[in-house]
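The values are calculated or read from the model by the stated rules, or taken from the named source; none is laboratory data. Small disclaimer: the values here were computed from a predicted structure and weren't measured. So basically every Cβ, Gly included, is an ideal-geometry build from the backbone, and we count neighbours across all protein chains shown.
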Amino acid sequence: MTNSKFESLLGMARRAGKAVLGYDKIKASGKKYKLIIICSDVSERTLRNAKLYISEDGTAAELPLTMFQLGKILGAEKVGVAAVEDEGFAKAILESIKISE
């Protein structure tokens with residue numbers, strides 16, 4: 001599923017400080033996010049709880065990526081959930097996902 005545009009945009013969002021990695025950090029921030037990226041191998045509980053942090057006009061993207069694959073993209077060991085707070089990055093990332101499907 002991954003493509004270089006998706007990987008590049010997600011990496012840029014992280015470097016710009018507009019992405020949060022991991023459910024615990026998302027929960028601790030108390031913010032609502034424009035985009036929540038959820039891996040296919042997270043637990044049902046994490047899946048359900050991560051969706052609580054989506055803004056009213058936000059989106060949850062459940063991707064066919066494992067935690068290890070998403071972690072590799074983001075330069076971490078494993079990441080099950082990532083959130084993007086910037087609307088521009090969120091739209092561009094969603095568009096790159098649609099293109100690769």
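Given Ser43, Ser29, Ser8, which one is under 23 Å from Glu95 (Cβ atoms) and out of contact with any helix residue (DSSP H, G or I) (no Cβ under 6 Å at 6 or more places or on another chain)?
When all the criteria are applied, what remains is Ser8.
If I ask for residues that are modelled with pLDDT of 95 or more and not in a loop (DSSP other than H, G, I, E, B), which ones from the stretch 28-44 would you list?
Answer for the stretch 28-44, where residues must be modelled with pLDDT of 95 or more and not in a loop (DSSP other than H, G, I, E, B): Ala28, Tyr33, Lys34, Leu35, Ile36, Ile37, Ile38, Cys39, Glu44.
Tell me yes or no: at least one residue of the stretch 46-66 is assigned to a loop (DSSP other than H, G, I, E, B) and either more than 22 Å from Ser96 (Cα to Cα) or of a type in the set (D, E, K, R) (or both).
No, the conditions are met nowhere in the stretch 46-66.
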